[in-house]
Every structure is written in C-alpha cells, then in structure tokens.
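Here's the structure, in structure tokens; my notes come after.
The values are calculated or read from the model by the stated rules, or taken from the named source; none is laboratory data. Predicted, not measured: the structure shown is a model, and the values here were computed from it. FYI the Cβ positions are ideal-geometry reconstructions off the backbone, even for glycines, and counts take in every protein chain you see.
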Amino acid sequence: MIRFSNKGLLLLAVILSLLTTALVYSYLKKTSGSLSGGTVAVVVAKADIAARTRITPEMVQTVQVPAPYLQPGGVQELQEVIGMVAKEPIVAGEQITVRRLIGEGRSAGFTGMIPTDKRAMTIGVNEVTGVAGFVKAGDYVDVVVTFEKNTIGENVSRLVLQNVLVLAANRETEGGTVEATNTSSKDKKEISKTATVTLAVTPDEATKLTLSEDKGKVRLVLRPFMQNTGIDIAAPITPPDIVGLQHLPDHAPKTGDKVPVSPPSAPAPAKKSGGIQMIRGTKTEVIAVN
C-alpha cells in the first residue's frame, strides 16, 4: 500500500482540481458557443394555422434558433412548407415539422386523392359492366348508360360521361389498399368479393350518374393507357338505329298477330285422256287412240 506524505496529498489534490477545472471550462465553452453563435434556420408559423389548411407564404416565416433547440424533423426551407396542408392545428410561433404536413395527397388518406374540383362517387359493377375487372385505380373510363323504354317508347343507349378518373377499384387505390376500421376477417372477405368502382366526378356529373344508375344500366368503357383528354361525339342509339326501319304493307301481319293457317289441300285427281279400255284377265289398261 502506497502512503503519501502531507505534501504529496496536497499536490495530488491540486492536480485533480486543475484537471476538473479544465474539463468544466471546456464543457461550458462548448455549450456557450452553441448557444451564442451556433444557430440554425427553422420555419415557424406567423399565426395560428387550422387543421387541413393549405399553407401560404403569409402564414410562415424563417427564424434563427440555437442548434440544440431545433426539433426533430423541423423544416428549414420555406419552399418545403408553402403549398402543403397542415395535418393538425399549428400554434403561432411553433416550429413546423414534416410529420405535421400533408403533401401529394397521400398522407391525407383517401380524401387527399380526390382532385380539388371533383367528388368521389362509387358505383356497382360486375365482370361484364366493369370490363372483366381490368379497371384499376388511375385508369380513365367512359360511362355508357342504357335506358329501357324511354319517352319515345324505345330502348336507348347513351355515352353519358367521358374521360373519368378511377380513384379506386373495390378498396384498391394507387397507393395501396384502404382498409375500413373495425372490420372483421369475414367482412374483409365479403369486401373482396364486392365489385365497386369509385370515380372522380364533378357535382353535375354526380347527379347524372346517380339518375343513370337508378333508372338504367351502367357500363364502363376502359380508355387507352395514355390519357386522352379529347371528347368524342356519340349520339344516342336506339334499336332501329342498329337494325334499320322496316316498313311493312298495311295488310301485312304485325308482330304478335296470329296468322291463320289453311289445311293442306288434297292432290287433284289425274286428268284422264281419251282411249279404249281393255280388260285382260284381272288387269285393266287403257289404250290411247290417236
């Protein structure tokens, strides 16, 4: 065991004190430098921003804060904030972080996928009316409706809507599957069997499509892969337009009338020509006389 004299102990205490002082000074200097000169830019809200509000340049500003005070995910460039949508309320002076913003419509859920001037409307389809299940989210379709016995007494088929964006087929969207909350495995199985297509339509188109589905039969027509915004002119079609008009005589029987059928007539007897009848035994024959 090493024994120190009083002078040795005093010298050791002085050394340890100097070492401790140097470490504390170094730490305080580093902290002071970070708090005074080590600042970074961060975007904050100028005023309170309500949830689901699109952020404009007047709502935000850039300020300098000490680097340790920068929140995780804090946005440091105004261009990254302007035009985005606030997912939740942001208080004035609060730093704006990435997780509190909605961009590209994806983070907002299905409602974020709907174009601003459109509404989402779902219609029922089957293997035939839904183009055999080939319609997928992101495709564009036309809508054809067939009405039975319209005002002129004929079935009529009409191209009602054109170039309509498909938002979802069943629950399949471009971003994946949108599952309903509180849905059991049995319900999910039933959902997968349900054939529905959700379209992006204007309010006026929504009313037309509602009446068409209620009073007629709706069929989708799938457009080519490359979107074509052109509109084709298609007149309403009735059965006479396809088979043509057939004018029958006035005395001709009409469809549904019973036509009397005459019984087959007996064959007329053969006309006998002049001659001499000769009987030979049991046979009889006529010999013509010229």
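Details
- Pair list, Cβ under 6 Å, 6 or more apart: the stretch 157-169 residue over 12 Å from LYS208 (Cβ atoms) and of a type in the set (Ser, Thr, Tyr), other residue part of a strand (DSSP E or B) and at pLDDT below 90: SER157/ILE237
- When the stretch 47-98 is limited to residues that are in a strand (DSSP E or B) and small (Gly, Ala, Ser), the one that is surrounded by the most Cβ atoms within 10 Å (Cβ to Cβ) turns out to be ALA86.
- Filtered by the rule that a residue be at pLDDT 80 or above and in a loop (DSSP other than H, G, I, E, B), the stretch 159-178 gives ASN170, ARG171.
- Residue that is in the same structural domain as PRO239 (by TED's automatic domain parsing) and part of a helix (DSSP H, G or I), where the choices are ALA120, ALA137, ALA132: ALA132
- Condition check for ASN182: touching an Asp or Glu at 6+ places or on another chain (Cβ under 9 Å), surrounded by fewer than 18 Cβ atoms within 10 Å (Cβ to Cβ) and modelled with pLDDT under 90: no
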